[in-house]
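One structure is given below, encoded as structure tokens.
The values are calculated or read from the model by the stated rules, or taken from the named source; none is laboratory data. Since this is a predicted model, take the numbers as computed values, not measurements. Cβ coordinates were reconstructed from backbone atoms using ideal geometry, including for glycine residues, and neighbour counts include every protein chain displayed. When the accessible area is computed, the model is the full protein with side chains, heavy atoms only, and any ligands, DNA or RNA have been set aside. Shrake-Rupley method; radii C 1.70, N 1.55, O 1.52, S 1.80 Å.
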Amino acid sequence: MIRKASRYLAAKLLNGPPRGMQCGTGVKVQRPHRISNPRCISIGDRTIIGHGASMEPILEYANVRYSPKIEIGNDVYIGPHVYLASVGRITIGDGAVLSEYVYLNDTNHGFDPERGLIMQQELVHPRDITIGKSCFLGLRSAIMPGVTLGDHCVVGTGAVVTKSFPAYSMIAGVPAVLIKRYSLEERQWMRVS
């Protein structure tokens with residue numbers, strides 16, 4: 001009984017969410033991870049976040065205060081070494097899958113040549129990022145500021161998504177373009193011309 005209890009405690013310590021993070025039941029956040037400002041992160045039920053995750057809601061940068069929020073739904077799988085950074089809002093819908101090394105950042109550095117050093121300029125927040133329900137983001141894909149992906153989108157490996165796409169889109173490339181659309185009538189992915 002003691003051995004079973006100590007294994008349970010060890011698993012909870014190794015896979016439990018950081019203190020202050022709002023989490024549903026059955027959430028696993030594997031260690032090691034780098035999570036700052038956990039009170040700005042909420043996670044639904046039965047979500048798994050792989051080891052090496054970096055989640056950074058940015059509260060202050062270059063003497064400017066922000067109100068970031070990262071919201072992750074139910075039954076989401078986030079693979080190892082994902083990077084999420086926000087000064088606004090990143091929303092990930094129920095059942096989404098983010099493969100290894102996926103990058104989501106809703107902000108950019110200021111690049112005004114007349115305002116001094118880049119690292120001392122305030123961050124630019126074009127718009128929030130929204131990932132719909134049951135989306136799949138392939139290995140090393142990047143979602144840039146202001147992107148909204150509708151439900152059931154598929155993002156190819158290494159894609160850089162710079163604009164929004166509607167539900168049932170399959171996108172790939174740098175920058176990402178629409179390559180297929182799921183047809184509910186044909187019940188299959190169809191090439192777009």
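Each residue in region 72-124 was checked for being under 15 Å from residue 135 (Cα atoms) and either open to solvent by 40 Å² or more (accessible area, probe 1.4 Å) or among the polar types (S, T, N, Q) (or both), and 9 pass. The number of residues in region 19-43 that are under 21 Å from residue 106 (Cα atoms) and assigned to a loop (DSSP other than H, G, I, E, B) comes to 4. Cβ-Cβ contacts under 6 Å between residues 6 or more apart (or on different chains), taken from a first residue in region 124-151 that is more than 15 Å from residue 97 (Cβ to Cβ) to a second residue that is among the basic types (Lys, Arg) and part of a loop (DSSP other than H, G, I, E, B), are listed as 146/127. Selection of region 102-138 for residues being out of contact with any His (no Cβ under 8 Å at 6 or more places or on another chain) and closer than 19 Å to residue 72 by Cα yields 102, 103, 104, 105, 127, 128, 129, 130, 131, 136, 137, 138.
Evaluation of residue 148 against the conditions (1) among the polar types (S, T, N, Q); (2) at pLDDT 95 or above; (3) farther than 23 Å from residue 73 by Cα shows that the sole unmet condition is (3). Among the conditions (1) open to solvent by 50 Å² or more (accessible area, probe 1.4 Å); (2) assigned to a loop (DSSP other than H, G, I, E, B), the only one that residue 167 does not satisfy is (1). For region 48-140, the strands (runs of 3 or more DSSP E) that sit wholly inside it and include 3 or more residues that are β-branched (Val, Ile, Thr) and within 13 Å of the chain's Cα centre (by Cα) are 89-92, 129-131.
Can you work out which of the residues in region 31-53 that are among the small types (Gly, Ala, Ser) and open to solvent by 10 Å² or more (accessible area, probe 1.4 Å) is nearest to residue 70 (Cα to Cα)?
42
Only residues that are aliphatic (A, V, I, L, M) and open to solvent by less than 20 Å² (accessible area, probe 1.4 Å): list them for region 125-159, please.
Just the residues of region 125-159 that are aliphatic (A, V, I, L, M), to begin with: 129, 131, 137, 139, 142-144, 147, 149, 154-155, 159.
Within region 125-159, 129, 131, 137, 142, 143, 147, 149, 155, 159 meet the criteria.
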